[in-house]
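The values are calculated or read from the model by the stated rules, or taken from the named source; none is laboratory data. Quick caveat: nothing in here was measured; it's all calculated off a predicted structure. Note: ideal-geometry Cβ built from the backbone for every residue, glycine included; neighbour counts use all protein chains shown. Calculation scope for accessible area: heavy atoms of the full protein, side chains included, ligands and nucleic acids excluded. Shrake-Rupley method; radii C 1.70, N 1.55, O 1.52, S 1.80 Å.
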Number of protein chains: 4
Amino acid sequence: MSIRERLSGNEASAIAMKQINPDVVAAFPITPSTEIPQYFSTFVSNGTVNTEFIAVESEHSAMSACIGAEAAGSRAMTATSSNGLALMWEMIHIASSLRLPIVMPLVNRAISGPLNIHNDHSDAMGIRDSGWIMLFSENNQEAYDNLIMAHRIAEHKDVMLPLTVCQDGFITSHSIENIELIEDDKVKQFVGTYNPEHYLLNAKEPIAVGPMDLQAYLFEHKAQEADAMRNAKKVILDVAKDFEKLTGRKYSLFEEYKLDDADIAIVCMNSTAGTTKDVVDNLRNQGIKAGLLKIRVFRPFPAEEIAKALENCKAVAVLDKAEGLNACGGPLFTDVTSGMYVNNLNIPTISYIYGIGGRDVTTKHIESVYKDLIEISNTSKVNNPYRYLGLRRGDK
Amino acid sequence: MSIRERLSGNEASAIAMKQINPDVVAAFPITPSTEIPQYFSTFVSNGTVNTEFIAVESEHSAMSACIGAEAAGSRAMTATSSNGLALMWEMIHIASSLRLPIVMPLVNRAISGPLNIHNDHSDAMGIRDSGWIMLFSENNQEAYDNLIMAHRIAEHKDVMLPLTVCQDGFITSHSIENIELIEDDKVKQFVGTYNPEHYLLNAKEPIAVGPMDLQAYLFEHKAQEADAMRNAKKVILDVAKDFEKLTGRKYSLFEEYKLDDADIAIVCMNSTAGTTKDVVDNLRNQGIKAGLLKIRVFRPFPAEEIAKALENCKAVAVLDKAEGLNACGGPLFTDVTSGMYVNNLNIPTISYIYGIGGRDVTTKHIESVYKDLIEISNTSKVNNPYRYLGLRRGDK
Amino acid sequence: MSIRERLSGNEASAIAMKQINPDVVAAFPITPSTEIPQYFSTFVSNGTVNTEFIAVESEHSAMSACIGAEAAGSRAMTATSSNGLALMWEMIHIASSLRLPIVMPLVNRAISGPLNIHNDHSDAMGIRDSGWIMLFSENNQEAYDNLIMAHRIAEHKDVMLPLTVCQDGFITSHSIENIELIEDDKVKQFVGTYNPEHYLLNAKEPIAVGPMDLQAYLFEHKAQEADAMRNAKKVILDVAKDFEKLTGRKYSLFEEYKLDDADIAIVCMNSTAGTTKDVVDNLRNQGIKAGLLKIRVFRPFPAEEIAKALENCKAVAVLDKAEGLNACGGPLFTDVTSGMYVNNLNIPTISYIYGIGGRDVTTKHIESVYKDLIEISNTSKVNNPYRYLGLRRGDK
Amino acid sequence: MSIRERLSGNEASAIAMKQINPDVVAAFPITPSTEIPQYFSTFVSNGTVNTEFIAVESEHSAMSACIGAEAAGSRAMTATSSNGLALMWEMIHIASSLRLPIVMPLVNRAISGPLNIHNDHSDAMGIRDSGWIMLFSENNQEAYDNLIMAHRIAEHKDVMLPLTVCQDGFITSHSIENIELIEDDKVKQFVGTYNPEHYLLNAKEPIAVGPMDLQAYLFEHKAQEADAMRNAKKVILDVAKDFEKLTGRKYSLFEEYKLDDADIAIVCMNSTAGTTKDVVDNLRNQGIKAGLLKIRVFRPFPAEEIAKALENCKAVAVLDKAEGLNACGGPLFTDVTSGMYVNNLNIPTISYIYGIGGRDVTTKHIESVYKDLIEISNTSKVNNPYRYLGLRRGDK
């Protein structure tokens, strides 16, 4: 029997970490993820977990400590947001290239500057090429479930990559919602123990970690890392199947909400999906065939699967909670359309930048997108594929 | 009369900086860009320039000092590579979002780990969403010319964004090639003086820089930043026209090399374009209609213009000197194909990852790509759109 | 029944810390004290102690963390040597002025530069005015015993000052000698629990720690701190009495070795006292009335008591394992002679600088000092009161 | 002809530095010395000096940069106060032991904690054994004059030690007083150029600076450093003679103010001497033979010369603007009485701690000391040799 609770997204994440009971947590506080290490440190203090908590002096050190701990052969976790991630950016790449399956909740917040503590996805987008598996979460339940599945994915011998679980800062991290928790022993059994093949504290196999890797080898190592990222897709799905058996909750690479027969569809991530579902339901009641594709697995990017899921749509909108600043559209839009290109689609597709720096996103905004899509699907003409939603100026 | 010289790419960059004579240079040394601040500091010591050289204690501080200097109203420059860029990553975003037209040579080197000091573009790719204008350079001449044009672009009132000039570490940074330098006084006249509209040291207009920017305003500021990035395209072209008048050397958003009537084309950046031109010439001699599109302006990304330039090709290869690690292809490939999608193209296009960590790229490799493209253009069938070039395994 | 063991001085210190079982240990490794936190961290790992071990990123942070922990109401310890102490020097003063009874083993090593990892007392001398109680230890037994007594002294309500226990780097820290340990439960009972009167985590009494303390109050606070230092003398003696009851081992402010009827005496600290005792025994066998005054309590400095103990001597040598670099003699010599002045003595007294940077000190050296003293006591004439012992040049 | 001006002590120091025109200044601001690098940096900006100004990121770096610059063969200066000095404490010892004649104004301020920005001498006392020559200054004129003489002393081949010039924070650093400046060209000629015998940038003599210096040599190097400190006395006097020829202003190791025939005398340093002179004048008017010994050269400590100067007094008070926290008296008191002991004096001498944390010191306080001394000289009995002046409690 699962446990019904009311928790914020941060609490849910901290409880997942408690149930995972990692060997090492090294963290430095930053809004809005501060609560995660804060809650977790009380578990350490109370002896609820066996974790070594390392109170590091910066986020650069937090990731460095996790790297050392994982290389030594232990499970290490941290949590951060925004400029915390920015300060550990150098080490983010070292974690993945050393193939260390560190798991990190990332509570998404706008990257400075100017200083803003509220939600958008500009922090997450900044590490999308860094070799980390990236899972996004609509709500506290998904943030929790993704963390429970994380180590099984990251530590899989075909993967061995770090993994981050994203959720929207304040919107889900600080909102209290209903949640179903899994019993501690079941989590323990599901997650299993970490048995790395190679690790520094293995006295029987002395190894070096992180030496010079010049022209003769780095390419091959990077290709192996890319293979691992491709491999992750299958592993993610396999783990999801096991998770479904345990909980009845079904996860895939993305969620298709009334997408089967949809004429118009929105692609988005995290909490906006919830708002969108409500709009889809209303539109369906009006006889409009609206659908939603909610990305769960952003890295590896399931381009082919997304293209397939969208192939019968007449117009698609991709919602990015981060400015691409590339003069072409948001990063998710670029990924989706590139994937559609490779998979020979030719559906009018629009990039909407929205919700930057915590700007509210309401059902009205989402309705306006679907309205745009209806118009486009009628004419098959796109006047401007790079649009804003909720911006205070003429664009929209 | 221009000055004929033989210089390495680093020397050429340092000389450009000398002729620009910025108010402030703040830099921390890292291979392979170390020589740039090193040469420049001798200009400071010898009184050849009026620049205040700040010997900072990390790259994070280097960019911070540039931010302070630019905000104060002066021209500030730095130079870096790889993990130097990684350590300043937090401040990179602050520089652009505060709309400070800092100019920085970036001598491209693989991002760690494992540790590798040689060339690829993984460092540059890591800041492609950060609001910096990014120019790439095939050789020392282009690295020099791009720097001479940089401030005119970055400081333009419609732009006001930082700008980085990339070149390939060691391959061009340390190779000595012929170059034509512009006379000092002509550079001085061309670059002009910096007259910021708003700056901290303006006693007549007290302002704050970098305060809180919460939900009510950040979105608008980011949209303005995105506008500025879009505006940069026209400014870049205008500056290039003036530059052509001065030097006879013609620059655009990208270089089309025998692309007009090409059936097959490669898209690439930096020094590989030189190798590719040689192969194109050979293929043309054999009657094969091969062409090259060499990206000069990577940010803002000229998606539409690229699509137009490639529209008559039968097969295209996009060469990425960085693993996307997204399971789909390299970052340049993603940008190009997304742009082709938006612009309604449907040409078989392949992603090739190559040259990682300094792996040699020879004419043989490039020839093999064109051979692939010929095959694809014949069949219009793509077996695997995500390929490797020069990797020691079965893929290629 | 005590426990007979063979331990190095570092092991003995670590075991004392284990038996004390402090709430917090924050330490950064530096030769030759590294072993202390190293051994201790294994006790933490094994659950032998309840201590929170904070793996800080510098010695400045080590002392800062101890300050925070003590201010919060817990017992905090660290250990260091030489430049580790130098880097925490700023915080050393804050610890004492905030009246936080932190206890710290200090394994004495020469302060750089040039770089030297061996023993002298130049590190300890650098904090002699900082408001720390300073105990010196001839051997592993005394290092252990001093630590067991430390908290009773430091935390006494009339004292409330931090305390450091010194021993000679390598000479005693790494030499294995016989030792008598006290049983764990007896230590626990002897040391007792820490019940601070005022502390940050006391929810019933909200306080601020370390605010501005300007002209109106700092003087009074410093005078209270000086009072506390004076009060410490009595407390140290009281605790020693209790310790004697527990162990039979007798401690005072200093040890008088055959000093009662001595004509000539050496004053010294730490391991040199052992060598000197051997020489005293030999000289006594020859009918020479040689004696030794071994300082245990260097701060508070027992000037009056020392003067009284030496009042019948005809010549005294003060051995300093640190250059005063003041043109007058070693710091211990200055303290002793100042105290003799205040107490109206007029005995020929010589400063010997010796053992700097780990220079060997043998019985021959000590014999030569007594020989000098015999000569001086005969003539009552001092040619040069500032001498060297074991220096490779004409002086001696 | 000298230049008559009205300047604060900080301005006077900055102007001395301007006239000295050192090769390198590396500084980090801290109250109350901030103005010195601030004024100086404007001289750099305006091209008034040829100095390389290094805007370091901490005081630890400030001293490190000075060490590097001096080792390279240039003249380097910095300025600091209180916790700035505390943070550079590690490097302070490296500067002197590498025999680098760095010159540093030290504007005395209480060492934290608790936090206090006002004057006492606790910062200076903390480096009195570190191998730095220490000159104290009653007023802006002396702060200026001491700096003009500094390099001649520090760089003398018999000395080669760093030197600090102290003055009282705010009391003289921020008070504007009359001053006589020396003409620039005369200062230039007086100070001369720096021609180090050994330096890193001497291509003809490759040397290493700061390598390992273990048991076999450190003692000899420290003894040489101590010799240098002793040698400094003569050099200081020689330089003072030359300075007198230039300016007519006479300096010695200390100033004797109506001390020749004094029965009672105060020994003190810095600005308190001015207050004391006023009291001495008043007492002399009353027929009381009061005198003053104002220490100028605190390191090397002129113990013998002081003893000789005081030998005919009947009672002496030593005023310390720093708590010794050793249970015996202030550090200057310890030095003076130790010196009197060695030189066979037997005069009642009292330690007064005063002025801590900026507590006002008025003529009334000084009068009360002389009153005490009169009483003591009558009875030759000292009830309490460790007293406070201006403290708000029963002591005085």
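Six or more apart or on different chains, Cβ under 6 Å: which pairs go from a residue in region B:182-202 that's farther than 12 Å from B:His151 by Cα and among the aliphatic types (A, V, I, L, M) to one that's at pLDDT 95 or above and not in a helix (DSSP H, G or I)? Could you list them?
B:Leu201/B:Gly73
Kindly indicate whether any position in region D:216-228 is more than 18 Å from the chain's Cα centre (by Cα) and part of a loop (DSSP other than H, G, I, E, B).
Yes, there is a match, as at least one residue in region D:216-228 is more than 18 Å from the chain's Cα centre (by Cα) and part of a loop (DSSP other than H, G, I, E, B).
Taking only region A:331-360 into account, find how many residues are closer than 16 Å to B:Phe333 by Cα and buried (at least 22 other Cβ atoms within 10 Å of the Cβ).
Within region A:331-360, residues that are closer than 16 Å to B:Phe333 by Cα and buried (at least 22 other Cβ atoms within 10 Å of the Cβ) number 12.
Across region C:203-245, which residue is surrounded by the most Cβ atoms within 10 Å (Cβ to Cβ) among those that are farther than 30 Å from D:Arg359 by Cα and touching a residue at least 24 places away in the same chain (Cβ under 8 Å)?
C:Ile236
So C:Glu5 ticks every box in (1) out of contact with any Ser or Thr (no Cβ under 8 Å at 6 or more places or on another chain); (2) modelled with pLDDT under 95 but one. Which box is left unticked?
(2)
May I ask you to list the residues in region C:53-72 that are open to solvent by 20 Å² or more (accessible area, probe 1.4 Å) and of a type in the set (Val, Ile, Thr)?
Selection gives C:Ile54 alone.
More than 29 Å from C:Ser61 (Cα to Cα) and facing another protein chain (nearest Cβ under 7 Å) - does that describe any residue in region A:59-80?
First, pick out the residues of region A:59-80 that are more than 29 Å from C:Ser61 (Cα to Cα): none.
Within region A:59-80 (the criterion being more than 29 Å from C:Ser61 (Cα to Cα) and facing another protein chain (nearest Cβ under 7 Å)), the answer is no, since none of the residues qualifies.
Where the second residue is of a type in the set (Phe, Trp, Tyr) and part of a helix (DSSP H, G or I) and the first is within 17 Å of B:Glu225 (Cβ to Cβ) and facing chain B (nearest Cβ under 7 Å) and lies in region A:327-343, which pairs have Cβ atoms under 8 Å and are six or more apart or on separate chains?
Correct list of pairs: empty, since none qualify.
Which count do you get for residues in region B:96-128 that are at the interface with chain A (Cβ under 8 Å from one of its Cβ atoms) and out of contact with any Asp or Glu (no Cβ under 9 Å at 6 or more places or on another chain)?
Here the count works out to 2.
Only one of (1) in contact with a His (Cβ under 9 Å, 6 or more places away or on another chain); (2) open to solvent by 10 Å² or more (accessible area, probe 1.4 Å) is not met by D:Tyr257, so which one is it?
Only one criterion in (1) in contact with a His (Cβ under 9 Å, 6 or more places away or on another chain); (2) open to solvent by 10 Å² or more (accessible area, probe 1.4 Å) is unmet by D:Tyr257, namely (1).
Restrict the check to region D:269-276 and report whether at least one residue is on the phi < 0 side of the Ramachandran plot, outside the structural domain of D:Ala69 (by TED's automatic domain parsing), open to solvent by 50 Å² or more (accessible area, probe 1.4 Å) and touching a helix residue (DSSP H, G or I) at 6+ places or on another chain (Cβ under 7 Å).
Residues of region D:269-276 on the phi < 0 side of the Ramachandran plot: D:269, D:271-276.
Now narrow it down to the ones that are outside the structural domain of D:Ala69 (by TED's automatic domain parsing): D:269, D:271-276.
After this cut, where a residue has to be open to solvent by 50 Å² or more (accessible area, probe 1.4 Å) as well, the list is none.
Within region D:269-276 (the criterion being on the phi < 0 side of the Ramachandran plot, outside the structural domain of D:Ala69 (by TED's automatic domain parsing), open to solvent by 50 Å² or more (accessible area, probe 1.4 Å) and touching a helix residue (DSSP H, G or I) at 6+ places or on another chain (Cβ under 7 Å)), the answer is no, since none of the residues qualifies.
Exactly one of these conditions fails for B:Asn50: (1) open to solvent by 30 Å² or more (accessible area, probe 1.4 Å); (2) under 21 Å from B:Leu100 (Cα atoms); (3) in a helix (DSSP H, G or I). Give me its number.
(3)
For region B:264-272, state whether one or more residues are assigned to a loop (DSSP other than H, G, I, E, B) and modelled with pLDDT of 95 or more.
yes
Could you check how many residues of region A:375-395 are in contact with a helix residue (DSSP H, G or I) (Cβ under 9 Å, 6 or more places away or on another chain) and touching a residue at least 40 places away in the same chain (Cβ under 8 Å)?
3
Within region C:303-321, is even one residue open to solvent by less than 40 Å² (accessible area, probe 1.4 Å), free of Cβ contacts under 8 Å to residues at least 12 places away in the same chain and within 30 Å of C:Asp238 (Cβ to Cβ)?
No, because not a single residue in region C:303-321 is open to solvent by less than 40 Å² (accessible area, probe 1.4 Å), free of Cβ contacts under 8 Å to residues at least 12 places away in the same chain and within 30 Å of C:Asp238 (Cβ to Cβ).
Picking from D:Thr363, D:Thr379, which residue would you name as being over 25 Å from D:Ser81 (Cβ atoms), surrounded by fewer than 17 Cβ atoms within 10 Å (Cβ to Cβ), under 24 Å from the mean Cα position of the chain (by Cα) and more than 8 Å from every other protein chain (Cβ to nearest Cβ)?
D:Thr363
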